[in-house]
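Working notes, structure below.
Each reported figure results from applying straightforward, stated rules to the coordinates on display, with no laboratory input. In this text the structure is predicted, and so the values were computed from the model without any measurement. All Cβ positions, even for glycine, are placed from backbone atoms using ideal geometry, and neighbour counts span all protein chains on display.
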Amino acid sequence: MVGGALGARYPWGLSAQALTEAIADLASRHEIVGLGITEYAPSDPADEEMLKKLAPELVRLCGGIKGVKSASRP
């Protein structure tokens, strides 16, 4: 099963590589204005390590963070 640390697991789900490739393809043709990672329920250290690498790569593919202020900062 791909992505074992999900709240709602789907057998044969999208792999991290397939997701990265799809976002790269989309970003090559369109401006991506939002990105969300939901349903993350850490249960396996390997999943956490994968997400530590995946999240920055997805942000990079989306053009980075430009002029975005964190809601937790004044």
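For Tyr40, the residues 5 or more places off, or on other chains, whose built amide H falls under 5 Å of its own are Gly7. Charged side chains reduced to their Cβ positions (Lys and Arg at +1, Asp and Glu at -1) give segment 10-60 a dipole of some 180 debye around its Cα centre.
Across segment 15-22, computed HN-Hα scalar couplings (Karplus, 6.51 cos²θ - 1.76 cosθ + 1.60, θ = phi - 60°) run 7, 4, 5, 5, 5, 4, 5, 5 Hz from first to last residue, x flagging Gly and Pro. Taking Lys and Arg as +1 and Asp and Glu as -1, the other residues whose beta-carbon sits under 11 Å from that of Ala24 total -1. The 3J(HN,Hα) values that the Karplus relation (6.51, -1.76, 1.60; θ = phi - 60°) gives for segment 23-35 are, in residue order, 5, 4, 5, 4, 5, 6, 10, 9, 7, 9, 10, x, 8 Hz. Gly and Pro appear as x.
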